[in-house]
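Written below as structure tokens is the structure these notes are about.
Every number here is computed from the coordinates shown, using simple stated rules; none is lab data. In this text, all values refer to a predicted model and were calculated from it rather than measured experimentally. In this analysis, Cβ positions are derived from the backbone assuming ideal geometry, glycine residues included, and neighbour counts consider all displayed protein chains.
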Amino acid sequence: MQRLAQFDVSRQFLTRRGKVAAQVTFGITCGAAMIGLRALFDLWAPISGPFALIYPAILLATLYGHWRAGVTAFIVTFLWAWIFVLPERYSIFFADPTDGPRVLLNAVCALVVLFFAEGFRRAAHITVEQIREAADRRLTLLAEMEHRTKNNFALVASLLEIHKRRLNRPELDGPIDDAVGRVRTFADAYSDLAGERYEDGDVAMKPYLDHLLDRIEKAALPANVSVYREIEALLLPRETAVAIGLYVNEAIANCAKYAFPDAQPGTVAVFFHVRDGSWHLTVEDDGAGLDAAAGASGGLGSKLMEAFASQAGASHRAGPVLGGFRTELRVSEEELA
């Protein structure tokens, strides 16, 4: 219905002459279609309601072919009804003296329909264009804000590294490096969105998470750890998508830090499942299990994951499982089938 509301027979033509020709042709087509329907109707009730089908023909011609199509349909259908339907047939004269005022009244009513149909078409077109322009402006501003956010995070990370070199205190190197890594994680989450434009401001989660995991696997995981993924397609608001991306980053960072000590090989599995419009994210490793739980719980990482879960409007769970450790992000407490 939305596409039908925006249909315009002359939109594909670039020249004014082409547009006018398309509109007039569409008006003739609507008039001819009305005449065909009227001919079928005459098999059941001849001569009755000679002008009844003219109004929808003019309305459709005007809505989808501009006023020129409406005027063309008006001329075609009225001349046909006047000459071929009303008595006397095949004549411009009336057998009944009341037919003249009746034709004039129907003509005025049809022109009123044409006038308001053209007004509605123009108002709808202007409204759609205003909405589209406003949406484009919002997308441009949002892209600019995300670009600035990414740059600000990168600037903070650079400042932390500069202060680390100036302080020259080895006991602070670990916490500062950890802070730098997390700030760069935030920058990367916005950077992954910067090069993409999504319809209605929503993010397609499958390509977004696939790209994010490819980057993490290449840059943040040791060679002994691989990533397995099962990601289903879903559109989510940008704020939710960023929160999920940050959550995945933090969960995998914890896996890399705690789950595979002494270069132990292993796998991190990421599942993003969709059921009945709800989604369920799971990050699971086959590593140290309880050791990972001890390292990941109660610290900054755990608090960040709770914050990301809150931003995504979801609940966060984390705990050891048989042969590893699992973190989950859900939109509800119910298990998805």
_Residues of type lysines that Lys206 reaches as a straight line, Cα spacing below 23 Å, ignoring anything fewer than 8 places off in the same chain_ = Lys150, Lys218
*Over every pair of different alpha-carbon atoms in segment 200-337, take the mean of 1/r and invert it; report that Kirkwood radius in Å.*
15.0 Å
*Provide the per-residue ³J(HN,Hα) series for segment 209-224, in order, calculated from phi with Karplus coefficients 6.51, -1.76, 1.60 and θ = phi - 60°, each as a whole number of Hz, with x at glycine and proline positions.*
6, 4, 5, 4, 5, 4, 5, 4, 5, 7, 9, 10, 10, x, 5, 7
*How many nm separate the modelled label positions at Glu133 and Ser278, each set 7 Å beyond the Cα in the direction of the Cβ?*
4.4 nm
*Point-to-point label distance, Glu232-Val112, nm (Cα→Cβ direction, 7 Å offset)*: 5.5 nm
*Quick one: if you take sqrt(5λ) for each eigenvalue of the C-alpha gyration tensor of segment 9-86, what semi-axes come out, biggest first, whole angstrom?*
27, 10, 9
*asked:* Which of Glu118, Glu239, Glu230 has the fewest other C-beta atoms within 10 Å, and how do the rest follow up to the most?
replied: Glu230, Glu239, Glu118
*Measure off 7 Å from each Cα along the Cα-to-Cβ vector at Ile75 and Leu141, then give the distance between these two points in nanometres to one decimal.*
4.8 nm
*By average C-beta atoms within 10 angstrom, highest first, the peptides 71-80, 303-312, 13-22*: 71-80, 303-312, 13-22
*Could you work out Rg/(2.2 N^0.38 Å) for segment 2-132, with Rg from alpha carbons only?*
1.16
